[in-house]
Amino acid sequence: MSYSIKRITQAADCDVLLTWAAKEKADLDFQMLSEGRLTNKFETSSIEVQPILQGVLAELSALDVVLGVLPEGPSKVDAAKKKVKLEYKKFLLENRKESYGLVALLQKELDVQRIENEIEEVDGFIAALTAHKATL
């Protein structure tokens, strides 16, 4: 972007803007670090969740078959309790998949790219301002 830097006639104004831009860059660098860590976490989590979820779904299917043929009694009660636990685990994994899965990973990657673009823009602003200050 083209900035109106040539309108600045005082080195002190340049210093104020450079200080402000340095703070903005520091904030963006911190955001980049945070988003980078979250992206790594999401990347790992998105790989882990799907196979575990598939295993739980397979166990639930097998348990449905077992529950269908078991006679009433303690074994059937235990199997029914196990099914409830597996359904809860499935629920948690599906929520985790939504929160930390592939879709969330792609959203975080987009956030990282946006921050990178902002950092580049601030760096360009600082460079233009520094060059102009040298001419004053």
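Annotations for the structure displayed:
- Take the Cα of GLU98, go 7 Å toward its beta carbon, and the backbone nitrogen atoms of the stretch 20-59 under 17 Å from that spot belong to 46, 49-50, 53.
- Gyration tensor (alpha-carbon) shape descriptor, the stretch 34-97, a/c threshold 1.5: prolate
- Comparing mean-square fluctuations of GLU118, GLU72, GLU109 from a GNM of the chain with C-alpha springs under 10 Å, the top value falls on GLU72.
- Option label - Cα extents along the principal axes in Å computed here, alternatives (1) 49, 37, 22; (2) 40, 39, 23; (3) 92, 19, 18: (3)
- In terms of distances greater than 20 angstrom between alpha carbons, the cross-link table entries LYS85/LYS108; LYS41/LYS82; LYS41/LYS97 yield LYS85/LYS108; LYS41/LYS82.
- 17 Å Cα-Cα reach of LYS25 towards aspartates and glutamates, excluding residues that sit fewer than 8 places from it in its own chain: ASP15, GLU35, ASP111, GLU116, GLU118, GLU120, GLU121, ASP123
- Span-rule helices in the chain, defined as complete DSSP H runs reaching 18 Å or more along the axis (Cα) with Kyte mean at least -0.5: 11-69, 102-135
- Lys/Arg +1, Asp/Glu -1 at C-beta; the chain dipole; positive extreme among ALA131, GLY36, VAL56: VAL56
- For the stretch 1-57, the solvent-accessible area works out to 69 Å² per residue, with a probe of 1.4 Å and every protein chain left in place.
- Accessible carbon and sulfur surface of the chain relative to its total accessible area, %, 1.4 Å: 60
The values are calculated or read from the model by the stated rules, or taken from the named source; none is laboratory data. What you see is a predicted model; the values in this text were computed from it and never measured. Every residue, glycine among them, receives a Cβ derived from its backbone with ideal geometry; neighbour counts consider all protein chains shown. For accessibility, only protein heavy atoms count, side chains too; no ligands or nucleic acids. Shrake-Rupley method; radii C 1.70, N 1.55, O 1.52, S 1.80 Å.
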